[in-house]
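Student: Take this structure, written in structure tokens, and hold onto it; I'll ask about it next.
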Amino acid sequence: MGQQVAKERFSEAEYGRFGERLNDSVAALRELLGRPGFGAGPATIGAELELFLIDQDGRPLRRNKEVRAAAADKRVVLELGSFNLEVNLTPLPLAGRPFTALECEARDMMLMVDEAARSQGGHVVPIGILPTLTEFDFTRDAMSDETRYRALSAGIRRVRAEPFRVQIHGVERLELEVEDVILESANTSWQIHLRTPPADFARVYNAAQLAIGPVLAVSGNSPAFLGRDLWEETRIALFEASADDRDMERPWRVDGRVCFGSGWVSGAEELFEHSVREYEPVMPVMDDEDPLAVVRAGGVPRLAELRLHQGTVWQWNRPVYDPADGGHLRVELRALPAGPTCVDMTANAAFLLGLVVAMAAVPEWIGGFSFADAYRNFYRAARNGLDATLAWPGRTESVPAAELIVDLLPVARAGLASAGVEEAEASRLLSIIESRVRLGRTGAIWQRRALASLEGEPGARAAMLTRYRELAFTQEPVHTWPDPS
């Protein structure tokens, strides 16, 4: 979605040519992945952090272009909503102390963007869903002033003419209709990228599908939307509904445009082919490259059309092709929320990557573990957090998430050690996860308790957000935050 888009609307002929190029791109990718040595190299990680801009009253601040200009840093980019920004962190080797480096860069970037926001009368806050949002914040003029986002909106509405219907049943119930994809902007996340050789991709991707359930259960930071108390990670249900282009005329397509998936995979090309086969293009921007000709001449193609299309299909764990540095594949881990602090986010990343590496090294677990159990784990974790019951390979019965997470910490520690992560680094971050479980204190739980302590007071959500932001900028992990009073 970072690629340049020069116009908002396209002809049916352009959609047809784009579809043909997508098929050529998939064929080119298949040949490229079969090339000996392609994408080989040590594991590296990167991250993207999405942030909300708020004004002095805790309300969304629609000035992301101005804040980006004030920041004057290429790592800061616009997101769909005019009150959202994203910062892209520097990729680095997984071995050593990568999480400390990510934490420091994320903290420095957040402080820098906050300073830029101050020049526009605002602040930034790292949180999964902004608690002060109202339905009036999701008009079409709330979208970022960028051609590519207007093109995305027009392309999705070409596929789905009906309003987007949101139905989330949690502690309370939420039902509403929205005319546009702008509702996506209600969600901000902390996305991790793991570079993976093609030969290892299926094992790593399947391990990520397994690992994300228990990690999400201990990472919740989005308990409410539009004043309703919903899921521990309401962001999961909200994002899936806000970009669901399915309609009654296409009942055969099971997965929405934002989805967990429907089965274990055998290779990266399978996922790209699925995206091309199952999802209609929404922005048919053509490149002048012939991808098959490039591959057959021994080169590395840009595959611009395939990358653009893949950027409009938001699996919670998503394959990424990147032509940089001779070309490589990554697994993009998209399900974790932004916040509460940079150390919390890096602890979540360490737990997740440790489990992924550990389980990818013993792929025989997949033979006796149903994908349906991994699927249920993900949504149970999103809905119930530490109170979820989760399945795991080798266990005959589901167990409480809190119990499973404690049991999996040594597994994650072993995975990080096998990847060359320093022992002190792993211990520091995994101890944060353990303390969260022991104290029963995630970002979502803290927000709920804070709101309960302010019950009946005017402006309770804004007051809670003010206190949350103060604590988030202390950079002390959420399990150490004082009890709301």
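The values are calculated or read from the model by the stated rules, or taken from the named source; none is laboratory data. Quantities reported herein were computed from a predicted structural model and do not represent experimental measurements. Note that we place each Cβ from the backbone using ideal geometry, even for glycine, and neighbour counts take in every protein chain shown. The protein model used for the area step is the full one, side chains on, heavy atoms only, and it has no ligands, DNA or RNA in it. Shrake-Rupley method; radii C 1.70, N 1.55, O 1.52, S 1.80 Å.
Student: Starting from the exponent 0.38 and prefactor 2.2 Å, build the expected Rg for segment 81-122 from its residue count and divide its actual Cα Rg by it. Walk me through the numbers before you get to the answer.
Tutor: Details: Rg = 13.0 Å, N = 42, 2.2 N^0.38 = 9.1 Å.
Dividing the Cα radius of gyration by 2.2 N^0.38 Å gives 1.43.
Student: Based solely on its DSSP helices, what 222 nm [θ] is calculated for the chain when runs of n ≥ 4 H residues each add -39,500 (n - 2.57) and the sum is averaged over all residues, nearest 500 deg cm²/dmol? Spell out each step's value before the answer.
Tutor: On the way: 15 runs with 206 residues, N = 485.
About -13500 deg cm²/dmol.
Student: Also, quick follow-up: Specify the longest stretch of the chain that does not include any exposed loop site, a site being one of the GluC sites (Glu not before Pro) with a non-H, G, I, E, B DSSP assignment and at most 10 other Cβ atoms within 10 Å.
Tutor: 1-248
Student: Which order do His309, His274 take when ranked by solvent-accessible area (1.4 Å probe, heavy atoms of all protein chains), largest first? Can you show the working numbers first?
Tutor: On the way: His309 5, His274 50 Å².
Output order, biggest surface exposure first: His274, His309.
Student: Taking the Cα centroid of segment 334-364 and of segment 106-180, what is the distance between the two, rounded to the nearest whole Å?
Tutor: Their Cα centres are 25 Å away from one another.
Student: Another question about this same structure. Can you list residues whose amide H is under 5 Å from Thr44's amide H, if they're 5+ apart or on another chain and H is modeled 1.01 Å from N?
Tutor: Placed amide hydrogens put Leu94, Arg195 under 5 Å from Thr44.
Student: May I pose another question? May I ask which residue of Gly263, Gly58, Ile168 lies farthest towards the positive end of the charge dipole of the chain, with charges of +1 (Lys, Arg) and -1 (Asp, Glu) on Cβ and the Cα centre as origin?
Tutor: Towards the positive end, the residue furthest out is Gly263.
Student: How large is ³J(HN,Hα), in whole Hz, for each residue of segment 316-321 in order, when computed from phi with the Karplus curve 6.51 cos²θ - 1.76 cosθ + 1.60 and θ = phi - 60°, using x for Gly and Pro?
Tutor: Taking θ as phi minus 60°, the curve returns 5, 10, 10, x, 10, 9 Hz for segment 316-321.
Student: Still on this structure, please answer the following. Where Lys and Arg each count +1 and Asp and Glu each count -1, what net charge lies around Gly155 among other residues with Cβ under 13 Å from its Cβ? Provide the component values of the computation, followed by the final result.
Tutor: Details: positive: Lys7, Arg9, Arg148, Arg150, Arg157, Arg158, Arg160, Arg257; negative: Glu8, Glu12, Glu14, Asp180, Asp245, Glu280.
Taking every Cβ under 13 Å from that of Gly155, the sum is +2.
Student: Please state, to two decimals, what the Cα-based radius of gyration of segment 337-485 comes to when divided by 2.2 N^0.38 Å (N = residues).
Tutor: Numbers: Rg = 17.2 Å, N = 149, 2.2 N^0.38 = 14.7 Å.
Its radius of gyration relative to the 2.2 N^0.38 Å reference: 1.17.
Student: Given that compact globular proteins tend to follow 2.2 N^0.38 Å, what is the ratio of the alpha-carbon Rg of segment 1-150 to that value? Working shown, then result.
Tutor: Numbers: Rg = 19.4 Å, N = 150, 2.2 N^0.38 = 14.8 Å.
Taking the Cα Rg and dividing by 2.2 N^0.38 Å, one obtains 1.32.
Student: Can you list, bin by bin at 10 Å, the percent of alpha carbon pairs in segment 236-382, starting at 0?
Tutor: Per 10 Å bin, starting at zero, the Cα-Cα P(r) for segment 236-382 comes out as 9, 32, 35, 21, 3 percent.
Student: Further, regarding this structure: For the chain, what log10 I(q)/I(0) values come out of the Debye formula at q = 0.05, 0.07 1/Å, with one point per alpha carbon and no solvent?
Tutor: -0.17, -0.34
Student: What are the ³J(HN,Hα) values, in whole Hz, obtained from phi via the Karplus relation 6.51 cos²θ - 1.76 cosθ + 1.60 with θ = phi - 60°, for each residue of segment 84-89 in sequence order, with x given for Gly and Pro?
Tutor: Whole-Hz 3J(HN,Hα) from phi for segment 84-89: 10, 9, 10, 10, 9, 8.
Student: In a shell of Cβ-Cβ distance under 12 Å around Ser266, excluding Ser266 itself, what net charge do Lys and Arg (+1) and Asp and Glu (-1) give?
Tutor: On the way: positive: Arg203; negative: Glu269, Glu270, Glu273.
Every neighbour counted, the sum reads -2.
Student: Averaged per residue, what accessible area in Å² does the chain show with a 1.4 Å probe, protein chains only? Before the final figure, lay out each step's value.
Tutor: Values: 18340 Å² over 485 residues.
The answer is 38 Å² per residue.
Student: Quick one: the Cα spread of segment 138-236 along its three principal axes, in angstroms, biggest first?
Tutor: Answer, in whole Å and largest first: 43, 37, 22 Å.
Student: Only four residue types carry charge here, +1 at the Cβ of Lys and Arg and -1 at the Cβ of Asp and Glu. Report the dipole size of the chain about the Cα centre in Debye, rounded to the nearest 20. It would help to have the intermediate numbers written out before the result.
Tutor: Working: 53 positive and 70 negative charges, 55 e Å.
Its charge dipole is roughly 260 debye.
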